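J.: Could you have a look at this structure, given as structure tokens, before my questions?
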Amino acid sequence: WRADTERLCAEGGLAPWTDPTNLVPDRPRTQARLHALPALEEHFPHVQKSLARTAELAAQDADLLDQLAREAHQRVAGPHGIRAELWRELPEALQGRVIALAVVEAGAPKPALERIAEVARLLRPRDEGGADSAGPVQLPGVSAWRRRIPGAGGKMEMTLVLERVQ
């Protein structure tokens, strides 16, 4: 793969960059690249093409899910945050992405998967693994908690509130 990269760079008149951490022999990813991938290629000659094809399909799937999440975010976002009842109706594959979008929209960097899961617990009922408390869940630059806010017709709605913190 490196040879392909270097060839393409040469054809384009570019100088390839070498990440110095890739040269540290005791790093797991270096071990995988130097030993595991060649062993796979020895036994499965088309593994590179298969992995590349899988990566391409996964990227296409991720692009679609991101687009669907942006659309879903528009539907579940209320004036004060994410409306829990509508969020819970989303497919699980979109729920975390919608939370990540809301967190970024609130001014924070994209959260790690573990933090997204903690925020999601605020939106779930206790009998479905939801949090015992209303929060907050601290994220870099944002605090998340749930609270009841008057919705349409004065009915109280459980809402995820995200607030930028200094």
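The values are calculated or read from the model by the stated rules, or taken from the named source; none is laboratory data. As the structure is a computational prediction, the values presented were derived from the model and not from experiment. Neighbour counts run over all protein chains shown; Cβ positions are idealised from the backbone, glycine included. All accessible areas refer to the heavy atoms of the entire protein, side chains included, with ligands and DNA or RNA removed. Shrake-Rupley method; radii C 1.70, N 1.55, O 1.52, S 1.80 Å.
Every residue, every condition in (1) among the aromatic types (Phe, Trp, Tyr); (2) assigned to a strand (DSSP E or B); (3) over 30 Å from ASP61 (Cα atoms), yes or no:
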position: LEU101; (1), (2), (3): no, no, no
position: VAL104; (1), (2), (3): no, no, no
position: ARG115; (1), (2), (3): no, no, no
position: GLU118; (1), (2), (3): no, no, no
position: ASP132; (1), (2), (3): no, no, yes
position: ARG147; (1), (2), (3): no, yes, yes
position: GLN166; (1), (2), (3): no, no, yes
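J.: Only one residue in PRO79, PRO109 is within 15 Å of the chain's Cα centre (by Cα) and in a loop (DSSP other than H, G, I, E, B). Which one?
T.: Residue meeting the stated conditions: PRO109.
J.: Scan region 35-53 and tell me whether some residue there is under 30 Å from GLY96 (Cα atoms) and either in contact (Cβ under 8 Å) with a residue 24 or more places away in the chain or open to solvent by less than 70 Å² (accessible area, probe 1.4 Å) (or both).
T.: Taking region 35-53 and keeping what is under 30 Å from GLY96 (Cα atoms), we get 50-53.
Those still in the list that are either in contact (Cβ under 8 Å) with a residue 24 or more places away in the chain or open to solvent by less than 70 Å² (accessible area, probe 1.4 Å) (or both) too: 50, 52.
Taking every residue of region 35-53 in turn, at least one turns out to be under 30 Å from GLY96 (Cα atoms) and either in contact (Cβ under 8 Å) with a residue 24 or more places away in the chain or open to solvent by less than 70 Å² (accessible area, probe 1.4 Å) (or both).
J.: Scan region 1-18 residue by residue and report those that are more than 17 Å from GLN48 (Cα to Cα) and not in a helix (DSSP H, G or I).
T.: GLY12, GLY13, LEU14, ALA15, PRO16, TRP17, THR18
J.: Please work out which residue is most open to solvent (accessible area, probe 1.4 Å), limiting yourself to region 82-95 and to residues that are touching a helix residue (DSSP H, G or I) at 6+ places or on another chain (Cβ under 7 Å) and outside any helix (DSSP H, G or I).
T.: Checking each candidate, the answer is ARG83.
J.: List pairs: first residue in region 97-121 and within 16 Å of GLY81 (Cα to Cα), second residue in a helix (DSSP H, G or I) and of a type in the set (S, T, N, Q) anywhere in the structure, Cβ distance under 7 angstrom, at least six positions apart or on different chains.
T.: Listed by first residue and then by second, the contacts come to ALA120/GLN95.
J.: Here's another thing I want to ask about it. Name the single residue, out of those in region 129-166 being among the polar types (S, T, N, Q) and out of contact with any Gly (no Cβ under 6 Å at 6 or more places or on another chain), that is least open to solvent (accessible area, probe 1.4 Å).
T.: This residue is SER143.
J.: Based on this model, can you work out whether THR21 counts as part of a helix (DSSP H, G or I), surrounded by 11 or more Cβ atoms within 10 Å (Cβ to Cβ) and at pLDDT below 90?
T.: no
J.: Does GLN74 satisfy the criteria of being within 30 Å of GLY154 (Cβ to Cβ), open to solvent by 60 Å² or more (accessible area, probe 1.4 Å) and at pLDDT 85 or above?
T.: It is true that GLN74 is within 30 Å of GLY154 (Cβ to Cβ), open to solvent by 60 Å² or more (accessible area, probe 1.4 Å) and at pLDDT 85 or above.
J.: Okay, next question. Looking at VAL98, VAL104 in this structure, which one is within 18 Å of the chain's Cα centre (by Cα), open to solvent by less than 50 Å² (accessible area, probe 1.4 Å), under 30 Å from TRP145 (Cα atoms) and of a type in the set (Val, Ile, Thr)?
T.: The unique qualifying residue is VAL98.
J.: How about region 107-123: which of its residues are among the hydrophobic types (A, V, I, L, M, F, W, C) and surrounded by 12 or more Cβ atoms within 10 Å (Cβ to Cβ)?
T.: Within region 107-123, ALA108, ALA112, ILE116, ALA117, VAL119, ALA120, LEU122, LEU123 qualify.
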